[in-house]
């Protein structure tokens, strides 16, 4: 269990860390639209003691920070500064991290490109001609550009891992319920999580230890680990050179249909009142997503939840034979900036959404997902993998394993789900 939010972290978590940002934090276009609001210098210019001393923290702008407004990526927001700070932010501040500002995101955290019509397209510092990814693209870009050293994002269907892959940083999606969502604007409660982001696995692991109160885990050398690998993946060849035990582990594609049914139904429920009262407060693209989600009949949701649980049980059983499961974060190459999101979102994000559906911890190490039973184990395996592949490996599917089927205008598949 995590220590009380009124207690300071101590013991194994008090080792000093030195981190220096390369750039002064800047909001808006001058900072590549990574940040919507910059903290007062008094907030991030004062050194604090603790395991995160010297680390500069970018917070996705749907997580509350006292004294700063929360836009949620919308132009229709309450400009009144928040009166309280979300527990996940408080834990990091008490450990020495300094909040530099609130990071840009896809509107209401429903998007995969980081191209926000309200606050500007987030520039990908690693490849400006490509999307930064979403929806936590501002957090990833702030880290990749050097304005921040660590960050907080949220992840419902890939929103930490997709921008981590696009901007070549590291991000962790924990299991639902492992961190408090108090002070965080939700989208789909069954899948929403807050996740840490950083430039390196070791820094991401340190942030996770502070957030969760867990002690670091240790795993054997890679050659002693049993690693399941999704079929038709390239980029893992160096692991074979060190005699890592790589065994094919199929991708349970069928879990996606029930996932999207539940996720979209919940997203519509989250915004139903605002959509009815003031539809123009949403951008046309987001309004179209919400209107499509409205077509999901509530009677479909309980059955979809039951299918999800069966897939999760089966995957946990399969993982008994492995230390981790490796698969790409993205289902296709990173799209060019300015792309029509509706054309690419399913192909881009399905591998991350699939792991969200299974509710397993997933570390995005650049373009590689490392999935394990616990967050600490995923991070420990990630540190071993990074020693061989580097912090930001390029990993990809050679072919799309999904069956070819038409996506109806409502966003629901016309293919019938086969129960596992």
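The values are calculated or read from the model by the stated rules, or taken from the named source; none is laboratory data. Note that the structure is a prediction, hence the values are computed from the model and not measured. Here the Cβ is made from the backbone with ideal geometry for all residues, glycine too, and neighbour counts use every protein chain on show.
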What residue, among those in the range 191-224 that are over 23 Å from residue 385 (Cα atoms) and within 15 Å of the chain's Cα centre (by Cα), is surrounded by the most Cβ atoms within 10 Å (Cβ to Cβ)?
194
For residue 48, state whether it is out of contact with any helix residue (DSSP H, G or I) (no Cβ under 6 Å at 6 or more places or on another chain), modelled with pLDDT under 95, within 30 Å of residue 289 (Cβ to Cβ) and part of a loop (DSSP other than H, G, I, E, B).
no
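Per-residue answers, yes or no, for (1) at pLDDT 95 or above; (2) out of contact with any helix residue (DSSP H, G or I) (no Cβ under 8 Å at 6 or more places or on another chain):
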| residue | (1), (2) |
| --- | --- |
| 202 | yes, no |
| 205 | yes, no |
| 209 | yes, no |
| 217 | no, no |
| 223 | no, yes |
| 227 | yes, no |
| 233 | yes, yes |
| 245 | no, no |
| 252 | yes, no |
List the residue pairs whose Cβ atoms are under 8 Å apart, where the first residue sits in the range 354-377 and is touching a residue at least 40 places away in the same chain (Cβ under 8 Å) and on the phi > 0 side of the Ramachandran plot, the second is outside any loop (DSSP other than H, G, I, E, B) and buried (at least 24 other Cβ atoms within 10 Å of the Cβ), and the two are 6 or more positions apart or on different chains.
366/164; 366/165; 366/170
Among the residues of the range 44-79, the number that are over 25 Å from residue 135 (Cα atoms) and in contact with a strand residue (DSSP E or B) (Cβ under 6 Å, 6 or more places away or on another chain) is 0
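Yes/no matrix, rows are residues, columns are (1) surrounded by fewer than 24 Cβ atoms within 10 Å (Cβ to Cβ); (2) under 13 Å from the mean Cα position of the chain (by Cα); (3) in a loop (DSSP other than H, G, I, E, B):
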{"site": "100", "(1), (2), (3)": "no, no, no"}
{"site": "112", "(1), (2), (3)": "no, yes, yes"}
{"site": "127", "(1), (2), (3)": "yes, no, yes"}
{"site": "134", "(1), (2), (3)": "no, yes, yes"}
{"site": "140", "(1), (2), (3)": "no, yes, no"}
{"site": "144", "(1), (2), (3)": "no, no, no"}
{"site": "148", "(1), (2), (3)": "no, no, yes"}
{"site": "151", "(1), (2), (3)": "no, yes, no"}
Could you tell me whether the range 166-183 includes any residue that is buried (at least 24 other Cβ atoms within 10 Å of the Cβ), part of a helix (DSSP H, G or I) and touching a helix residue (DSSP H, G or I) at 6+ places or on another chain (Cβ under 8 Å)?
yes
Which count do you get for residues in the range 339-353 that are in contact (Cβ under 8 Å) with a residue 60 or more places away in the chain and farther than 16 Å from residue 263 by Cα?
4
Subset of the range 74-83 (residues that are in contact with a helix residue (DSSP H, G or I) (Cβ under 9 Å, 6 or more places away or on another chain) and surrounded by fewer than 18 Cβ atoms within 10 Å (Cβ to Cβ))
75, 76
Starting from the range 189-211, keep only residues that are on the phi > 0 side of the Ramachandran plot and assigned to a helix (DSSP H, G or I), then list their pairs with residues that are modelled with pLDDT of 95 or more and surrounded by fewer than 24 Cβ atoms within 10 Å (Cβ to Cβ) whose Cβ atoms are within a distance under 9 Å, requiring at least 6 positions of separation or different chains.
none
Residue check: is residue 68 touching a residue at least 40 places away in the same chain (Cβ under 8 Å) and either at negative phi or surrounded by 21 or more Cβ atoms within 10 Å (Cβ to Cβ) (or both)?
no
